[in-house]
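Engineer: Pasting in a structure now, in structure tokens, and then I'll have a few things to ask.
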Amino acid sequence: MNLAETAALLGLNLTLVLAAMAGLWALSGRREAVGFLDAAWPLGVAALAGVSFLLTDGDPVRRGLLLWLVTLWAVPQAWRRLSTTARTAADRRYEAVAGALADRRGWSRSRVRLLLFFLPQGALAWLTALPVQLGQVDFLPAVGRLGWTGAVLAVAGIALEGVGSLKAAPAVGSAVPAGPVRRWLRRPDYLGDLAVAWGLFLIAAETGAGRASVLGPLFLTWALAHWTATENPRRGRDGG
């Protein structure tokens, strides 16, 4: 695919994911329970990989690796986030933000949910999914050592995600310092997310278009390092 075709693919994918999020917002109506949105995010990343798979003609091995690995990551993620506990926690978090902004700006809570929750989640899913979109564009080169290393890293990340889901906050000894190090060790699922993101990037990075997708894993690394610090008040108090 040439540059114009690649730009068209990215534009189409962004339009589709934003339309899907707007559709979910419309279906949710005036309900305050929107915790399912956390599950829609990884599924959106996988869906973008699927659309790109159908519309590109890059190396079939690389395209297959990107599609199946991101799907193996996204489906369990979505399933866990649809659990009652996860949805309840997400509902409280979203509703607290929606209430504060609605009061401050005079917006309806429905409008806040669309403009600050649903549409941004779609845009961030598109950004995170850049490797699985751009990595499928070029036919050459074939998957080499870097790509297979990325595949191994992604599989390790998926396995670490499973460990993190079983024990999301393992006990950490007093020898572990407070701060970012402790936070990452307490949440192995964060490390799993990063391993998957950078693994997918390494698969894509063997191609010219794929190297431009580095913004995806960079954003996710920044988001997990900063946003998750305030996601749970308890982690803010105990340093993890």
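The values are calculated or read from the model by the stated rules, or taken from the named source; none is laboratory data. Please read these numbers as outputs of a predicted model, since none were measured by experiment. Reconstructed Cβ throughout: ideal geometry from the backbone, glycine too, with neighbour counts over all protein chains shown. To get the accessible areas, we keep the full protein, side chains included, count just its heavy atoms, and leave off ligands, DNA and RNA. Shrake-Rupley method; radii C 1.70, N 1.55, O 1.52, S 1.80 Å.
Engineer: Name the pairs whose Cβ atoms lie under 7 Å apart, with the first residue in segment 109-127 and farther than 12 Å from G44 by Cα and open to solvent by less than 30 Å² (accessible area, probe 1.4 Å), the second of a type in the set (A, V, I, L, M, F, W, C) and in a helix (DSSP H, G or I), and 6 or more positions between them or separate chains?
Structural biologist: Within 7 Å, the pairs are V112/A98; V112/L101; V112/A102; R113/W25; R113/A98; F117/L37.
Engineer: What number of residues within segment 108-133 are more than 12 Å from the chain's Cα centre (by Cα) and closer than 16 Å to L218 by Cβ?
Structural biologist: So the answer is 1.
Engineer: Residues of segment 11-27 being touching a residue at least 12 places away in the same chain (Cβ under 8 Å) and more than 15 Å from A40 (Cβ to Cβ), which ones? Can you show your working first?
Structural biologist: We begin by selecting, within segment 11-27, every residue touching a residue at least 12 places away in the same chain (Cβ under 8 Å); these are 12-14, 16-18, 20-22, 24-25.
Result: L12, N13, L14.
Engineer: Taking segment 148-157, which residues are modelled with pLDDT under 95 and either open to solvent by less than 40 Å² (accessible area, probe 1.4 Å) or of a type in the set (K, R) (or both)?
Structural biologist: Listed by number, the list holds a single entry, G157.
Engineer: Report yes if A26 is in a helix (DSSP H, G or I), over 21 Å from the mean Cα position of the chain (by Cα) and exposed (fewer than 13 other Cβ atoms within 10 Å of the Cβ), otherwise no.
Structural biologist: Working: in a helix (DSSP H, G or I): yes; over 21 Å from the mean Cα position of the chain (by Cα): yes; exposed (fewer than 13 other Cβ atoms within 10 Å of the Cβ): yes.
Spelling it out, A26 is indeed in a helix (DSSP H, G or I), over 21 Å from the mean Cα position of the chain (by Cα) and exposed (fewer than 13 other Cβ atoms within 10 Å of the Cβ).
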